[in-house]
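**Student:** Sharing a structure, written as structure tokens. Questions coming.
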Amino acid sequence: MPLGAAASRAVGQINNNPFEFWITHDDAGYNQLMEDVQEFIDAPGDANVPVQAVFTPAMFDGLLEEMAAVGWAESLPELRAMWEDDYKVRPPNAHPTDCHGRPWEPREPRQAVRL
């Protein structure tokens, strides 16, 4: 492979979120989609609804049933408490803590990278 012919990115964890990392592309439709998604995340307006309006209590109960079926029953009471006390009433863009319980602080918006 010629020098400089490869590109890489951080691979510390699996990430299936196409909106977290994006590039500037020659396709104007792609660029517009990504800009529109970012604008929605930054200012959702009336679409900023509680999580339970999108992921319903019935869906949550179904998830717990699936988790119990694969042997994760031990964690379910704690998970239910977190759902009831915090997650279900959050607006989707509210992050008072990160996944480790630390205060969440927003990052500066990422710049698109041209490859």
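**Student:** Looking only at the stretch 35-63, filter to residues that are of a type in the set (A, V, I, L, M) and assigned to a helix (DSSP H, G or I); which one of those is nearest to the chain's Cα centre (by Cα)?
**Tutor:** So the residue we want is Ile41.
**Student:** Then there's this: Within the stretch 23-34, identify whether any single residue is at pLDDT below 80 and not in a helix (DSSP H, G or I), and answer yes or no.
**Tutor:** yes
The values are calculated or read from the model by the stated rules, or taken from the named source; none is laboratory data. Given the structure is predicted, the values throughout are model-derived calculations rather than measurements.
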